[in-house]
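For reference, the structure discussed in these notes is given below.
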Amino acid sequence: MSSTLTPVRSKRSALTKGQLPKYAPYVVLGLALIVGAAILALIGFNAFGWGIVSAILFAAGLVGWSAAVEGSRKAKDKLATCLVVGSFLIALLPLISVIWTVLVNGVPGLIAPGFLTSSMNGVTGVYDNKAVEEGAPVIGGIYHALLGTIQITLVATLISVPVGLLSAIYLVEYGHDGRLARAITFFVDVMTGIPSIVAGLFAAAFFFAVVGPGTKTGAVAAVALSVLMIPVVVRSSEEMLKIVPNELREAAYALGVRKWRTILKVVIPTAISGIASGVTLAIARVIGETAPILVTAGFATSINNNVFGGWMASLPTFIYTQILNPTSPANPDPSSQRAWGAALVLIILVMVLNLGARLVARTFAPKTGR
Amino acid sequence: MSKRIDVKDLNVYYGDFLAVEDVSINIEAKSVTAFIGPSGCGKSTFLRTLNRMHEVLPGARVEGEVLMDGDNLYGPGVDPVTVRSQIGMVFQRPNPFPTMSIRDNVLAGVKLNNKKISKGEADVLVERSLQSANLWNEVKDRLEKPGSGLSGGQQQRLCIARAIAVEPQVILMDEPCSALDPISTLAIEDLINDLKDQYTVVIVTHNMQQAARVSEKTAFFNIAGTGKPGKLIEYGNTQTIFNNPNVKATEDYVSGRFG
């Protein structure tokens, strides 16, 4: 063999020429920030405008430089990247802003002594006035509202999950896309779009007619919430049951297993992780509902352990009344501190539920491994 | 523990569409019968009528008789579930239950039907079924691991063990090797040879060498054209079908001159 090896070019390869250096985006970003600050200084500086102007300068600078060095294909790629990342940041902005605001305003309320362990029973404007004027601690808490939210949501879940799951099973396993199945699907879709206050009015009117006028209890609120929850549960369970491979059903039938046993022992266990996380997300969806609870469970300042009797507080209605009707109209600050604290607790609850949904999905997921 | 199957004048419909027309065939007990033919000729459809699995699809129905040792599977009052517990089936793609361990997959037919079984009996059944499926030595140390962790060939043998565990009279196999490599295919073919001592085996295959290797009798199905029903063209000893067929279409197909 008499072939000669081409020596490896140490400095620049023919294959990598015409590329921007790796540090290019950082250089452009730095320049864009500086120039952006300079422009904003001329017309009056503010952080929001600085961000927007710098982002536009960065995109224009990077795309322009890339077009000059790398050609139009790479420049288009850079432009698309800038647009995608920019949209992502814009979408993230409100979320971060909400979490930040609630954290800043909510933490003082949350760490106030007895916030999680006491109710508003007997807390009057006198104490709030004292807290503002004499620096006494803010008393009163959300124990009753937290308890109410948990009870109402639990009962709503107990109603919605069997109804929703069984409807989904009917749609997927028995409906065969017939007239009834299509009607159910249509009405479930309509129900998904029902404004929550209408669900509340429905539950209230239903109980007024059946039990008696003025019936306002936790159970009525639970019915209202389940009207909102059922379509979500049906939809998510239906999707999960649909993706269970037909081969598994056939495998069970071929073993001489009856249809209902196949559904119970093969189809549902295979889909359970998706169903469980769908249910958890449905709970997260209704736990923050305010309007339907206001018209169905009223508002209470004291602890009520009975969902079937008496008005019941919940976190969203607690926030609503604390802001709208402060305990002391002269000094609303303690009330708004409690409202922010309750909002923080509500957000934490929803977050825990979402994390729980992931955990549930992972726990129940079909096992793999050797 | 095996029964013969006699089919008389069977028509299979999907809704108004006639998929398989006028099939009559006698399948011997304790033998291997192969169905061959081009794709879409109705051999899988026909196979599925032998344990009433085609009824799972909406609109599917059957005219004619399928007799298992003289009992009509489609007689009035016959429960398809009873039929299926006597005529097992293995599918084209291995389909172990993903939520179950290897052991539970083998016991699926028993456990899903909620039959009571003691742990000792269950252990014996699991070992016997996996032994019959030539899988015992490969999985005996990991019976509690999920069945989906096995290789494709092992999964298919697990599915065969699962079908054997309910002690059927007949085992239907719908292209059991089409998703497997040659070595796993060989393992399954050996297994089919062992199974015919105890069971009646019916196998659908696209692989003519496979039909020639494993079966005693072969049925050739064909279709006249798109939208026409599939028909049984010729049925006889495998030797005859491959070496000396009576019908020209069979000869063209088995010699590769088809179409």
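When you look at A:A271, is it crowded, with 20+ Cβ neighbours inside 10 Å, touching a residue at least 60 places away in the same chain (Cβ under 8 Å) and either more than 8 Å from chain B (Cβ to nearest Cβ) or among the β-branched types (V, I, T) (or both), yes or no?
Judged against the criteria, A:A271 is not a match.
I'd like to know if the stretch B:97-116 contains one or more residues that are open to solvent by less than 50 Å² (accessible area, probe 1.4 Å), of a type in the set (F, W, Y), more than 10 Å from every other protein chain (Cβ to nearest Cβ) and out of contact with any His (no Cβ under 8 Å at 6 or more places or on another chain).
No.
Is there any pair with a first residue in the stretch A:241-257 that is under 16 Å from A:Y174 (Cα atoms) and facing chain B (nearest Cβ under 7 Å) and a second that is open to solvent by less than 10 Å² (accessible area, probe 1.4 Å) and aliphatic (A, V, I, L, M) whose Cβ atoms are under 7 Å apart and which are 6 or more apart or on different chains, and what are they?
Once the first residue is under 16 Å from A:Y174 (Cα atoms) and facing chain B (nearest Cβ under 7 Å) and sits in the stretch A:241-257, its partners that are open to solvent by less than 10 Å² (accessible area, probe 1.4 Å) and aliphatic (A, V, I, L, M) give A:E250/B:M53; A:Y253/B:M53.
Which one of the conditions (1) among the polar types (S, T, N, Q); (2) open to solvent by less than 30 Å² (accessible area, probe 1.4 Å); (3) part of a loop (DSSP other than H, G, I, E, B) does B:S39 fail to meet, given that it meets all the rest?
Every listed condition holds for B:S39 apart from (2).
Out of all the residues in the stretch A:309-321, is one or more without any contact (Cβ under 8 Å) to a residue 24 or more places away in the chain and open to solvent by less than 40 Å² (accessible area, probe 1.4 Å)?
Within the stretch A:309-321, one or more residues are without any contact (Cβ under 8 Å) to a residue 24 or more places away in the chain and open to solvent by less than 40 Å² (accessible area, probe 1.4 Å).
If B:D79 satisfies every condition in (1) free of Cβ contacts under 8 Å to residues at least 24 places away in the same chain; (2) within 29 Å of B:V66 (Cα to Cα); (3) away from chain A (no Cβ under 14 Å) but one, which is the exception?
The single condition B:D79 does not satisfy is (3).
Looking at (1) under 15 Å from the mean Cα position of the chain (by Cα); (2) more than 11 Å from every other protein chain (Cβ to nearest Cβ), which one does B:L135 not meet, given that it meets all the others?
The number of the failed condition is (1).
Please go through the stretch A:315-346 and pick out each residue that is aromatic (F, W, Y) and either touching a strand residue (DSSP E or B) at 6+ places or on another chain (Cβ under 7 Å) or closer than 16 Å to A:V98 by Cα (or both).
A:W340
Just give me the residues in the stretch A:264-281 being of a type in the set (S, T, N, Q) and within 15 Å of B:P96 (Cα to Cα), in sequence order.
Once the filter is applied, which keeps residues that are of a type in the set (S, T, N, Q) and within 15 Å of B:P96 (Cα to Cα), the stretch A:264-281 yields only A:T270.
Residue by residue, here is whether (1) touching a helix residue (DSSP H, G or I) at 6+ places or on another chain (Cβ under 7 Å); (2) surrounded by fewer than 20 Cβ atoms within 10 Å (Cβ to Cβ); (3) of a type outside the set (F, W, Y); (4) at pLDDT 90 or above holds:
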| position | (1), (2), (3), (4) |
| --- | --- |
| B:H206 | no, yes, yes, no |
| B:K217 | yes, no, yes, yes |
| B:F220 | yes, no, no, yes |
| B:K228 | no, yes, yes, no |
| B:N237 | no, yes, yes, yes |
| B:K248 | no, yes, yes, no |
| B:Y253 | no, no, no, no |
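Of the residues A:V161, A:V123, which single one is part of a loop (DSSP other than H, G, I, E, B) and crowded, with 16+ Cβ neighbours inside 10 Å?
A:V123 is the lone residue from the list that is part of a loop (DSSP other than H, G, I, E, B) and crowded, with 16+ Cβ neighbours inside 10 Å.
Count, please, the residues in the stretch A:194-221 that happen to be in contact with a helix residue (DSSP H, G or I) (Cβ under 9 Å, 6 or more places away or on another chain), open to solvent by 60 Å² or more (accessible area, probe 1.4 Å) and assigned to a loop (DSSP other than H, G, I, E, B).
So the count comes out to 2.
How many residues does the stretch B:142-160 contain that are over 14 Å from B:F91 (Cβ atoms) and either surrounded by 19 or more Cβ atoms within 10 Å (Cβ to Cβ) or away from chain A (no Cβ under 11 Å) (or both)?
Number satisfying all stated conditions: 7.
Which of the residues that make up the stretch A:97-120 are part of a helix (DSSP H, G or I) and touching a Ser or Thr at 6+ places or on another chain (Cβ under 6 Å)?
Selection gives nothing.
Going by what's in this entry, would A:I283 be described as under 29 Å from A:T149 (Cβ atoms) and in a helix (DSSP H, G or I)?
Here the answer is yes, as A:I283 does meet what is asked.
Residue check: is A:A68 open to solvent by less than 90 Å² (accessible area, probe 1.4 Å), within 22 Å of A:I90 (Cα to Cα) and either touching a residue at least 12 places away in the same chain (Cβ under 8 Å) or among the hydrophobic types (A, V, I, L, M, F, W, C) (or both)?
Taking the combined requirement at face value, the residue does not satisfy it.
Consider the stretch A:322-342. How many of its residues are within 17 Å of A:F115 (Cβ to Cβ) and open to solvent by 20 Å² or more (accessible area, probe 1.4 Å)?
7
If I filter the stretch A:174-188 down to residues being open to solvent by less than 100 Å² (accessible area, probe 1.4 Å) and under 30 Å from the mean Cα position of the chain (by Cα), which single residue comes out as nearest to A:V227 (Cα to Cα)?
The selected residue is A:V188.
Can B:S85 be described as farther than 24 Å from B:A249 by Cα and surrounded by 18 or more Cβ atoms within 10 Å (Cβ to Cβ)?
yes
The values are calculated or read from the model by the stated rules, or taken from the named source; none is laboratory data. Quantities reported herein were computed from a predicted structural model and do not represent experimental measurements. Positions of Cβ are generated from backbone atoms using ideal geometry, with glycine treated the same way; all protein chains shown enter the neighbour counts. For accessibility, only protein heavy atoms count, side chains too; no ligands or nucleic acids. Shrake-Rupley method; radii C 1.70, N 1.55, O 1.52, S 1.80 Å.
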